[in-house]
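Heads up, the thing below is written out as structure tokens.
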Amino acid sequence: MSFVFYVLAALTVAGGLAAMLLKNTVHCALALTVAFAGLALLFLELDAQFAGFAQILVYIGAVAILVVFAILLTRGSETPKDGVFSHTWLAGLAVAAAVFAVLGWAVLQAAPLLPGASPAPVVTVQQIGDALMGRYVLPLEIAGVLLTAAMIGAVIVALHEKEGPK
Amino acid sequence: MTPLAGYLLVAALLFSIGLAGALTRRNAILVLIGIELMLNAANLNLIAFWRYGPHPEALTGMMFAIFSIAVAAAEAAVGLGLVIQIHRHAHTTDLDQMNRMKG
Amino acid sequence: MIKTLDQIFVLLKEWLVGYLPASWQPVAGVLLSVAAIVCLFPALFALTTVFERKGLGRIQNRLGPNRVGPFGFFQPVADGIKSLTKEDIVPFSADAAVHFLAPVVLVVAVFMGFAVLPMGRNMVLVDMDAGLLFYFAMGASTELSVFMAGWSSRNKYSLLGAMRAVAQMISYEVPLLLSSVTVVMIAGSLSLTKIVEAQSGYSWGLPHWYIFTPWGFAGFLMYAIATTAETNRSPFDLPEGESELVAGYHTEYSGFKFALFFLGEYLAMFSISGLGTTLFLGGWSAPFLFLTWVPSWFWFFSKLMLSIFVFIWMRGTLPRLRQDQLMNFAWKFVLPMCLLNLMVAALWRFLGDGWLRWVICSAILLAAYVGLGLGELRRGKIGPRSYRYAE
């Protein structure tokens with residue numbers, strides 16, 4: 001596997017670790033952005049250009065900013081007095097380690113059966129457009145309805161409630 | 001080890017890091033960050049299998065990943081709206097203090 | 001000879017790269033183009049700062065800077081020396097790492113956007129299939145750097161300015177994308193070179209630029225409004241207005257970092273004007289059939305400088321919009337117009353050639369403009385002016 005893959009994987013994992021371990025919440029959000037960028041570059045390495053640019057546009061351009069605004073609006077940047085990890089942190093860590101062990105074992109067991117290196121597929125945006133309007137038109141429309149509902153729901157949930165008649 | 005196995009291991013590692021964060025951090029927003037990491041790890045899995053799978057011209061993996069990105073963004077928006085509303089009510093986002101149903 | 005002049009930079013690059021062994025040639029070619037962009041656009045930025053100050057001065061009935069050099073044109077040299085030698089003050093409670101990285105992220109993201117602009121025939125750095133998507137992805141990354149700058153300074157004014165700036169940039173991102181999507185729909189490709197090629201025909205001596213169609217004209221106006229807001233230029237410059245918020249999100253920056261923010265803002269203006277030129281004004285194609293002998297890069301850069309001139313003109317003429325007026329405008333006027341424009345463009349495509357589609361599309365767009373505008377005015381309760389005189 002190539003040098004580029006190792007560098008990008010190291011960047012992404014480092015970003016993820018920093019996002020989960022740092023004390024300052026805004027630093028965690030920025031480390032998450034680095035992880036998103038690393039993942040977008042991994043997508044580009046896998047010849048999925050549309051997915052890579054969509055990842056940057058949606059995750060870094062929208063989700064990261066959303067997270068940061070939520071941190072600001074909930075005063076997350078003030079350091080908590082009881083520490084940043086929950087009192088049940090050991091159980092959580094054990095569960096996560098067990099999940100990684102199972103997944104890693106599954107991948108390594110199946111390693112001889114996985115397909116090897118293959119030539120890069122040539123995917124044009126035209127093909128993606130045809131697929132979205134042809135075979136995947138129903139998921140596209142449902143995603144549209146879902147996004148509308150989510151938008152209306154998020155606005156209503158976060159709305160300042162007016163004082164009702166007492 | 002094939003390239004595909006490398007990508008799958010990276011995705012598994014990211015997934016467990018996200019899971020560890022979601023299970024151990026106190027701040028509700030950091031739990032949501034962990035969930036976003038898990039979703040991204042799953043996307044990496046999908047794209048890796050699309051690239052090294054038998055029929056990349058069918059675009060199934062890429063489509064799945066694109067829809068997953070869109071839906072994850074919507075879910076992050078709603079989740080963060082909920083966190084903001086909870087903060088307005090309880091004046092804290094510390095999950096260890098939210099262990100009672102009585103408001 | 002005309003073709004040589006048109007392709008002179010491409011031929012120059014090929015000649016220089018020809019001195020290297022064959023395996024190094026692609027990389028060397030790309031590096032040479034990158035160096036050209038990195039040298040050219042900051043030089044253009046220096047020239048633009050002088051033009052802006054002198055232009056604003058003339059609009060405000062005063063001379064601009066006129067001390068340094070002939071007619072003040074060496075002012076950017078003086079400004080550059082000043083910003084490089086000023087003391088770099090970082091506040092004690094500021095978050096040092098994020099404070100340092102914010103201008104870097106901004107400048108890097110903005111420079112990446114130049115990679116897909118076609119600056120002349122065959123003069124694109126990377127001809128990507130999804131070029132427009134790449135451009136907007138890089139543009140979205142600039143918003144994060146604005147927030148980083150505001151938050152890391154630990155200063156109320158910076159944070160307030162940063163939040164306003166990010167809210168404004170996000171609100172106007174949607175009209176920007178929608179007006180570009182209209183062009184993509186008609187041209188049939190996300191690749192910027194193909195969009196320029198789709199606009200390179202001529203009929204009755206007039207070019208086929210998209211601005212000369214009803215939906216293109218409306219789309220260009222929406223795009224222009226959205227770009228003015230995205231780059232925080234007047235009349236949308238509340239986040240950085242001097243009389244409002246000290247200096248907004250770059251209050252705590254001094255010396256070279258402030259110069260980087262300034263550079264980043266102007267480069268963003270250039271790159272987004274370049275994109276607007278590519279999408280609506282025909283990119284590098286000449287305005288009239290008898291002018292095609294002039295090199296293509298000359299047309300691109302003159303259209304770019306024309307857009308910059310219009311930006312400077314707007315800054316000197318229009319008053320600043322308040323934050324809530326700005327957001328109202330984005331969500332209640334520009335966004336519905338953009339959505340309607342998309343539908344009108346689709347109607348244009350399917351009505352076939354002829355005068356009928358011009359009449360119908362123009363009528364729909366004019367009716368929508370008047371209707372939405374009157375709705376906004378009524379909501380704002382703006383009537384005819386009334387004057388009160390001192391007694």
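The values are calculated or read from the model by the stated rules, or taken from the named source; none is laboratory data. Note that the coordinates shown come from a computational prediction; the quantities given were computed from them, not determined experimentally. Every residue, glycine among them, receives a Cβ derived from its backbone with ideal geometry; neighbour counts consider all protein chains shown.
What the table shows:
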{"quantity": "The listed residue being out of contact with any Gly (no Cβ under 6 Å at 6 or more places or on another chain) and either facing chain B (nearest Cβ under 9 Å) or of a type outside the set (Phe, Trp, Tyr) (or both), out of A:157, A:107", "calculated": "A:107"}
{"quantity": "Residues (modelled with pLDDT under 85 and either more than 10 Å from chain A (Cβ to nearest Cβ) or closer than 26 Å to residue C:116 by Cα (or both)) located in segment C:127-163", "calculated": "C:153, C:155, C:156, C:157, C:158, C:160, C:161"}
{"quantity": "Some residue of segment A:28-39 being surrounded by fewer than 21 Cβ atoms within 10 Å (Cβ to Cβ), out of contact with any Lys or Arg (no Cβ under 9 Å at 6 or more places or on another chain) and free of Cβ contacts under 8 Å to residues at least 12 places away in the same chain", "calculated": "no"}
{"quantity": "Those residues of segment C:328-348 which are more than 15 Å from residue C:210 (Cβ to Cβ) and touching a residue at least 24 places away in the same chain (Cβ under 8 Å), in sequence order", "calculated": "C:328, C:329, C:330, C:331, C:332, C:333, C:334, C:335, C:336, C:337, C:339, C:340"}
{"quantity": "Filter result for residue B:95 (within 8 Å of chain A (Cβ to nearest Cβ) and crowded, with 21+ Cβ neighbours inside 10 Å)", "calculated": "no"}
{"quantity": "Check on residue A:120, touching a residue at least 12 places away in the same chain (Cβ under 8 Å) and loosely packed, with under 15 Cβ neighbours inside 10 Å", "calculated": "yes"}
{"quantity": "Where residue B:61 falls short, out of the listed (1) small (Gly, Ala, Ser); (2) within 7 Å of chain A (Cβ to nearest Cβ); (3) in contact (Cβ under 8 Å) with a residue 12 or more places away in the chain", "calculated": "(2)"}
{"quantity": "Selection count where residues are outside any helix (DSSP H, G or I) and surrounded by 11 or more Cβ atoms within 10 Å (Cβ to Cβ), scope segment C:19-46", "calculated": "1"}
{"quantity": "Condition broken by residue C:147, with the remaining ones in (1) out of contact with any helix residue (DSSP H, G or I) (no Cβ under 6 Å at 6 or more places or on another chain); (2) within 25 Å of residue C:262 (Cα to Cα) satisfied", "calculated": "(1)"}
{"quantity": "Residue within segment C:317-329 that is in a helix (DSSP H, G or I), acidic (Asp, Glu) and either at pLDDT 85 or above or touching a His at 6+ places or on another chain (Cβ under 9 Å) (or both) present", "calculated": "no"}
{"quantity": "Test for residue C:147: is it buried (at least 24 other Cβ atoms within 10 Å of the Cβ) and assigned to a helix (DSSP H, G or I)", "calculated": "yes"}
{"quantity": "Residues of segment A:123-151 satisfying the condition of being β-branched (Val, Ile, Thr), part of a helix (DSSP H, G or I) and more than 10 Å from chain B (Cβ to nearest Cβ)", "calculated": "A:125, A:137, A:145"}
{"quantity": "Residue identified as under 26 Å from the mean Cα position of the chain (by Cα) and closer than 25 Å to residue C:186 by Cα among C:347, C:339, C:326", "calculated": "C:339"}
{"quantity": "Condition met for residue A:55 (within 10 Å of chain C (Cβ to nearest Cβ) and touching a residue at least 40 places away in the same chain (Cβ under 8 Å))", "calculated": "no"}
{"quantity": "Residue match in segment B:20-29 (condition: in a loop (DSSP other than H, G, I, E, B) and touching a strand residue (DSSP E or B) at 6+ places or on another chain (Cβ under 9 Å))", "calculated": "yes"}
{"quantity": "Within segment A:50-93, tally of residues that are part of a loop (DSSP other than H, G, I, E, B) and either buried (at least 16 other Cβ atoms within 10 Å of the Cβ) or not basic (Lys, Arg) (or both)", "calculated": "12"}
{"quantity": "Candidate set: segment C:190-210, residues that are in contact (Cβ under 8 Å) with a residue 40 or more places away in the chain and closer than 17 Å to residue A:127 by Cα; chosen: the one surrounded by the most Cβ atoms within 10 Å (Cβ to Cβ)", "calculated": "C:190"}
{"quantity": "Flag for residue A:35 being more than 11 Å from chain C (Cβ to nearest Cβ), within 25 Å of residue C:94 (Cα to Cα), part of a helix (DSSP H, G or I) and not basic (Lys, Arg)", "calculated": "yes"}
{"quantity": "Any hit, segment C:213-222, residues being of a type in the set (A, V, I, L, M) and in a strand (DSSP E or B)", "calculated": "no"}
{"quantity": "Matching residues in segment C:70-114 - criterion: being in contact with a Gly (Cβ under 7 Å, 6 or more places away or on another chain) and under 22 Å from residue C:162 (Cβ atoms)", "calculated": "C:83, C:88, C:103, C:106, C:107, C:110, C:113"}
{"quantity": "Subset of segment C:267-299 (residues that are closer than 17 Å to residue C:312 by Cα and either outside any helix (DSSP H, G or I) or touching a Ser or Thr at 6+ places or on another chain (Cβ under 6 Å) (or both))", "calculated": "C:268, C:269, C:272, C:273"}
